[in-house]
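Please treat every number below as a calculation from the coordinates, not as lab data. Note that the structure is predicted; figures quoted are calculated from it, not measured. FYI the Cβ positions are ideal-geometry reconstructions off the backbone, even for glycines, and counts take in every protein chain you see.
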Amino acid sequence: MDIRRLQCFLAVAFEGNLTRAAESLFLSQSALSGQIKLLEDELEYPLFERHARGMTLTAKGETLLPYARSAIQAMEDFRAKGDRLRNARVTGLTVGLNTDPVFLRMAELARQMRSRLQGAQLSFIVSQSRFTAESLRSGEMDVGFRFGMWGEEGIHDEFVAPVPLAIAIPSAMAPEVKPGDWRGLAALPWVYTFRGCPFHTALRERMSTFGVEPCTVGHSVDENIMRELVAEGEGVAILREDEGRRLEAVGKAVLWPERLQVPLCLSYPAGSGYDSPLREFRDVVRSVWCGVEDAVA
């Protein structure tokens, strides 16, 4: 069975939508749909139920989901044993932080890592989701947090938790649009990042159901700058919900009633997940983030 088809299966199961899953894997919708069909043909039964607004797992699909995850992990284990065995024990780990260190629980990660692995040297650097794979391949960092599941060759994205997003409207602009009026919302001036940003992928997917695109008047790749531009009334932006609530609390923004979300992932070179100290760091991340998904749900 082709491992790529299992990766496509996991992406569609997570996103519940062919368009978003295709974007996360950098595939065309037709290519992704073809992979799912080949897998279903091989199994001789459907894995998904198709609906007007998305796809949901069938009962058999739900049953096979954990086995697909295990199969992909097993392949990475094989690579780890075959390609990354080394004699010397590496104790240094450089971690990329793609957003607010407090949000990512950096201090607690470092504390638990010191407790879990004596002598481990943990370093943190600022990173961006779109450059994570490049930094991992170059050796600039060993593992990195990022938003979205990118499906890049040689890089494994391990799901950590869902991150709620909020559309923050500058207070002065809020009276111009009514709740539910997505056309009116899209027509307001927007502060945007790069087009492949997972935040805006989620936003465009939602807006596409109304046949609209945000009216972009400014760009920034920095979350702090985007938050300040909203606070100054320059335009609407999609932010982490906790950032949006801070603006709302001081009267700088009104939050759109509907929430979106993206996955927070831990990304590292495929096959390296069981090498120390990355193995211990993955365990620490699970421990620190345990229960976050349930709390969001």
Item to check | All lysines inside 25 Å of LYS37 as judged from Cα atoms, apart from same-chain residues fewer than 8 positions distant | outcome: LYS60
Checklist outcome for this item: Interchain or sequence-distant (5+) residues whose placed amide H lies within less than 5 Å of the amide H of HIS219 are TYR192
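Rounded to the nearest 500, what is the chain's calculated 222 nm mean residue ellipticity when only DSSP H runs of at least 4 contribute -39500 (n - 2.57) each, over all residues?
Result for the chain, helices only: -13500 deg cm²/dmol.
Please find the FRET efficiency linking ARG69 to ILE225, where r is the Cβ-Cβ separation and R0 is fixed at 25 Å, and quote it to the nearest 0.05. It would help to have the intermediate numbers written out before the result.
Details: r = 37 Å, r/R0 = 1.48.
After rounding, the FRET efficiency stands at 0.10.
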Item to check | Residue order, fewest to most surrounding Cβ atoms within 10 angstrom, among THR132, THR94 | outcome: THR94, THR132
Checklist outcome for this item: Bridge orientation stat for the range 138-297 from DSSP, antiparallel percent rounded to 5, came to 80
Next on the checklist: With a cut-off of 8 Å between alpha carbons and a minimum separation of six or more residues, what is the relative contact order of the chain in percent?
Outcome noted: 23
Next on the checklist: Give the lysines reachable from LYS178 as a straight Cα distance under 19 Å; neighbours fewer than 8 places away on the same chain don't count.
Outcome noted: LYS252
Item to check | Sum of side-chain charges, GLN7 neighbourhood, beta-carbon under 12 Å (Lys, Arg +1; Asp, Glu -1) | outcome: -2
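Where both partners of a DSSP beta bridge lie in the chain, what percent of those bridges are antiparallel, to the nearest 5? Intermediate results must be reported in sequence, preceding the final value.
Working: 25 of 38 bridges.
Around 65 percent of the beta bridges assigned by DSSP in the chain are antiparallel ones.
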